[in-house]
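Shown next, in structure tokens, is the structure this report addresses.
The values are calculated or read from the model by the stated rules, or taken from the named source; none is laboratory data. Since we're looking at a predicted model, the values are computed, not measured. For neighbour counting, all protein chains shown are included, and Cβ atoms are generated from backbone atoms with ideal geometry for every residue, glycine included. Protein only, heavy atoms only, side chains kept; ligands, DNA and RNA dropped before computing areas. Shrake-Rupley method; radii C 1.70, N 1.55, O 1.52, S 1.80 Å.
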Amino acid sequence: MNQRTQAYFDELVRRAVTAAPIPRGPQPLAQPNACHGNCEEFVRRRAGHEIVRGWLVVGGHWFVPHSVIREIASGRMIDITPILDNSGMIPFVEHMGSEEDFVILRQGRDGGWLHIST
């Protein structure tokens with residue numbers, strides 16, 4: 001892991017301590033395990049919303065790339081992707097960086113990323 005990636009995930013760990021769960025609101029056309037595509041399709045069909053990229057916090061240092069939507073006017077975020085195990089809400093930390101950076105960070109890591117701070 002390079003220094004920039006190490007610093008990014010160190011910061012993610014710091015923000016994860018206060019991360020809030022995002023309310024769920026599965027949409028009829030959304031598919032389980034397809035959050036990125038679900039959000040992309042949702043914002044194509046509905047004005048006034050944007051995609052928020054980020055990470056689900058599973059334990060203190062396990063991060064799973066995830067996308068939710070935000071209503072631009074209110075700032076309210078909602079997780080539109082249905083889950084099959086009904087595990088409830090999971091804390092979410094917003095990605096701070098470009099879309100390109102997020103794509104690079106999640107490449108090969110859609111199952112999650114275990115980060116050990118140094």
Q. How much mean residue ellipticity at 222 nm does the chain get from its helices, if each DSSP H run of length 4 or more adds -39500 (n - 2.57) and you divide by all residues, to the nearest 500 deg cm²/dmol?
A. -8500 deg cm²/dmol
Q: Find, among the trypsin sites (Lys or Arg not before Pro) in the stretch 1-101, those assigned to loop by DSSP (not H, G, I, E, B) with at most 15 other beta-carbon atoms within 10 angstrom.
A: 46, 76
Q. In the full protein assembly as shown, how much of residue 29 is accessible to a 1.4 Å probe, in Å² to the nearest 10?
A. 120
Q. Rounded to a whole number, what % of the accessible area of the stretch 13-118 do carbon and sulfur atoms account for, probe 1.4 Å?
A. 56
Q. How long are the three semi-axes of the equivalent ellipsoid of the chain, in whole Å, if each is the root of 5 times an eigenvalue of the C-alpha gyration tensor, listed from largest down?
A. 24, 15, 14
Q. Ignoring ligands, DNA and RNA, what accessible area per residue does the stretch 1-79 give at 1.4 Å, in Å²?
A. 55
